[in-house]
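Take a look at the structure below.
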Amino acid sequence: MAGDPDWRMGALRYALTVAGYWMMRVPESALPKLVDGQYRLFADGEAVSVHEPTIVKHGKIHVMENAVGRRPPRLGTLGEGTLLMPVRRQVIDRAVLFTAAGAYEGLTVSYAQLVEAGRHDWPYAQALLEGLTAAVESQHWALELSAQAQPLSRLAALLLRIVAERGVSDGDETLLPGAPDAREMGVLAGVSRESVVTNLAWLECQGVIRRSEGRLWVSNLEALHQEATAPDRRS
């Protein structure tokens with residue numbers, strides 16, 4: 001959501017970030033200027049390849065996790081006016097799959113065309129810059145997490161980010177108002193919900209955090225820093 005810190009990106013944006021994509025909404029005023037490209041038509045359920053900047057002109061695209069051994073879960077849906085752009089010119093990551101939701105029409109354009117359109121439409125140029133900034137922030141957060149292999153380290157790093165963004169001093173503790181629930185923490189930290197539940201309980205047992213009536217406090221910031229940076233042997 002607009003205005004949210006970069007770590008609170010949600011399952012769809014997180015998966016696209018890890019897979020090497022970023023997305024933004026194209027202002028309606030810019031759409032008539034983005035017509036010089038390749039129009040592509042897909043039937044309902046047909047796989048959609050996105051190797052170049054692609055705009056959803058009509059219909060929708062489902063974004064699916066490329067799961068192995070089970071039905072791919074749907075992460076979200078991209079509606080009309082959405083620009084989906086590969087970070088790299090050659091996309092080889094198959095962490096996500098795209099399928100047409102009903103009859104779908106997409107417009108594939110070049111990077112140069114995206115930039116040229118911005119010369120003639122300031123709201124679009126601003127949206128392009130904001131979208132790129134959000135993509136860089138998301139990539140930076142994913143890079144931070146990649147340096148921490150263990151679930152507890154990732155969870156501790158997430159809690160430290162929430163402390164920095166939203167923490168409120170409450171005596172000797174720091175209150176985290178509106179802290180995500182276990183499921184959302186799993187998405188934000190890139191770990192399973194089960195790992196979040198287990199490691200939150202461990203941190204509470206060690207006196208690092210405290211939970212009561214749906215609220216979360218950090219009782220020992222130094223210990224939380226240590227968990228975020230030290231090798232973690234717990235799962």
For region 149-165, how many residues are more than 15 Å from Leu200 (Cα to Cα) and either part of a strand (DSSP E or B) or open to solvent by less than 30 Å² (accessible area, probe 1.4 Å) (or both)?
1
Among the residues of region 38-78 satisfying the criterion of being of a type in the set (Gly, Ala, Ser) and more than 17 Å from the chain's Cα centre (by Cα), which is nearest to Val115 (Cα to Cα)?
Ser49
Restricting attention to region 147-185, which residues are touching a residue at least 40 places away in the same chain (Cβ under 8 Å) and touching a strand residue (DSSP E or B) at 6+ places or on another chain (Cβ under 8 Å)?
Leu159, Val163, Gly167, Asp170, Glu173, Thr174, Leu175, Leu176
Mind checking whether some residue in region 123-132 is open to solvent by 40 Å² or more (accessible area, probe 1.4 Å), at pLDDT 85 or above and either touching a Pro at 6+ places or on another chain (Cβ under 9 Å) or not in a helix (DSSP H, G or I) (or both)?
yes
So how many residues does region 191-229 have that are assigned to a loop (DSSP other than H, G, I, E, B), open to solvent by 50 Å² or more (accessible area, probe 1.4 Å) and modelled with pLDDT of 90 or more?
1
Identify all residues within region 81-102 that are modelled with pLDDT of 80 or more, in contact with a helix residue (DSSP H, G or I) (Cβ under 9 Å, 6 or more places away or on another chain) and open to solvent by 30 Å² or more (accessible area, probe 1.4 Å); write none if there are none.
Val87
Limited to region 15-37, what total is found for residues that are within 27 Å of the chain's Cα centre (by Cα) and not in a helix (DSSP H, G or I)?
9
Pick from region 41-71 the residues that are among the small types (Gly, Ala, Ser) and over 16 Å from Ala19 (Cα atoms): which of them is least open to solvent (accessible area, probe 1.4 Å)?
Gly59
Could you run through region 38-56 and say how many residues are outside any strand (DSSP E or B) and either at pLDDT below 85 or among the aromatic types (Phe, Trp, Tyr) (or both)?
0
Where residues in region 133-148 are of a type in the set (A, V, I, L, M, F, W, C) and under 24 Å from Gln226 (Cα atoms), which of them is modelled with the lowest pLDDT?
Ala147
For region 103-117, give me each residue that is part of a helix (DSSP H, G or I), open to solvent by less than 20 Å² (accessible area, probe 1.4 Å) and small (Gly, Ala, Ser).
Ala117
Can you tell me which condition Val168 does not meet? The list is (1) closer than 19 Å to Ser153 by Cβ; (2) open to solvent by 40 Å² or more (accessible area, probe 1.4 Å), and all the others hold.
(1)
Lone unmet requirement of (1) of a type in the set (D, E, K, R); (2) under 17 Å from Leu12 (Cβ atoms); (3) open to solvent by less than 60 Å² (accessible area, probe 1.4 Å) for Arg74:
(3)
Top-ranked residue of region 2-37 - restricted to ones that are modelled with pLDDT under 80 and on the phi > 0 side of the Ramachandran plot, ranked as most open to solvent (accessible area, probe 1.4 Å)
Gly3
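The values are calculated or read from the model by the stated rules, or taken from the named source; none is laboratory data. Remember, predicted model here, so these are calculated numbers, not experimental data. Counting neighbours? That spans all protein chains shown, and the Cβs are built from the backbone with ideal geometry, glycine included. To get the accessible areas, we keep the full protein, side chains included, count just its heavy atoms, and leave off ligands, DNA and RNA. Shrake-Rupley method; radii C 1.70, N 1.55, O 1.52, S 1.80 Å.
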